[in-house]
Amino acid sequence: MRKILLVLMSICMLAFVVGCGNDASKTTDSAKPSTSEKITIQAAASLKGALTELADAYKKKHNLADDQITINFAGSGTLRQQIEQGAPASLFISADEKNMKMLQDKDLVTDVKPFVTNELVLVVPKGQPKIELHQIASVKRIVLGNPDTVPAGNYGKQVLTKLGVWDQVEPNVVYAKDVKAVTASISQAAGDAGFIYKTDAIAAGDAVEIAAVTPADSHDPVIYPIGIIKKYDNALAQDFYTYVMSPEGQKVLEKYGFSTSK
């Protein structure tokens, strides 16, 4: 009987050790990155808050190192030019359809889809009197993203042209490198009014005030498309693309004020 008990105890101890080994193996496996691939994302400056949160959540979920997903934020036209010149980027998210279409025409991107939409608003520094759109000609310093490279600047120019005041106010326009720079100028009272996206106005908090929402028929629709850059396509790029388009990803975008395709 004693020998039988000893044998049973040995079997139990062996099973325990094997079980612990399996658990350790599982723990080690779960701590491994899901891939060793890396991607760079070219994204419109207005997406900075939302896309940074999405990338951080994705890296945490898949145990990725910080440098496995890099995001370059700038004006969409500047980003498009960089892609055309061979910048090693896997994904492009533009703040307008024009710049994405230019890459499509050169067969540089694939899987292009609408990502989010936004609204263009006129903002003034906190504490300054609000102005109506029809009063814009009286503003001394209008801050605008460069219309050639910044979609928000182009939309703003379209609004001013629609109002019939572009030629009159152009001498008063101060150009900025992207929509974030416009927001910073207005928040610091370096400009009297500026055109930015609703999402940027929300992110700026009390630093700026929305004076007016531009009418939908005063400019092109503010549609952000997303696409995969063919030359640097990989499994990580495709999976991150799927993630940001998923209900989980879209929920984060909505939190920042974007309207999503759902």
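Take the residues in the range 210-231 that are under 21 Å from LEU253 (Cβ atoms) and open to solvent by 60 Å² or more (accessible area, probe 1.4 Å), then tell me which one is modelled with the lowest pLDDT.
Among those residues, the one meeting the criterion is ALA216.
Scan ASP220, ASP206, ASP148 and give me the residue that is in a helix (DSSP H, G or I) and of a type in the set (D, E, K, R).
None of the other options fit; the residue is ASP206.
Among the residues of the range 135-149, which ones are open to solvent by less than 70 Å² (accessible area, probe 1.4 Å) and more than 16 Å from GLU119 (Cβ to Cβ)?
ILE136, ALA137, VAL139, ILE142, VAL143, LEU144, ASN146, PRO147, THR149
Can you tell me which residues in the range 204-229 are touching a strand residue (DSSP E or B) at 6+ places or on another chain (Cβ under 9 Å) and of a type in the set (Gly, Ala, Ser)?
ALA204, ALA207, ALA211, ALA212, SER218, GLY227, listed by residue number.
Tell me which of these PHE92 doesn't satisfy, since it passes every other one: (1) closer than 17 Å to ASN234 by Cβ; (2) buried (at least 24 other Cβ atoms within 10 Å of the Cβ); (3) over 10 Å from the mean Cα position of the chain (by Cα).
Single failed check for PHE92: (3).
Only residues in the range 47-76 that are free of Cβ contacts under 8 Å to residues at least 12 places away in the same chain count as the first member; pair them with residues that are open to solvent by less than 50 Å² (accessible area, probe 1.4 Å), Cβ under 7 angstrom, at least 6 apart or cross-chain, and list the lot.
Taking only residues 6 or more apart or on different chains, the pairs are LYS59/GLN68; LYS59/ILE69; ASP66/LYS59.
So which residues in the range 115-134 are surrounded by fewer than 15 Cβ atoms within 10 Å (Cβ to Cβ) and not in a loop (DSSP other than H, G, I, E, B), if there are any at all?
THR117, HIS134
The values are calculated or read from the model by the stated rules, or taken from the named source; none is laboratory data. In this text, all values refer to a predicted model and were calculated from it rather than measured experimentally. In this analysis, Cβ positions are derived from the backbone assuming ideal geometry, glycine residues included, and neighbour counts consider all displayed protein chains. For the accessible areas, the whole protein counts, side chains as well, though only heavy atoms, and no ligand, DNA or RNA atoms are used. Shrake-Rupley method; radii C 1.70, N 1.55, O 1.52, S 1.80 Å.
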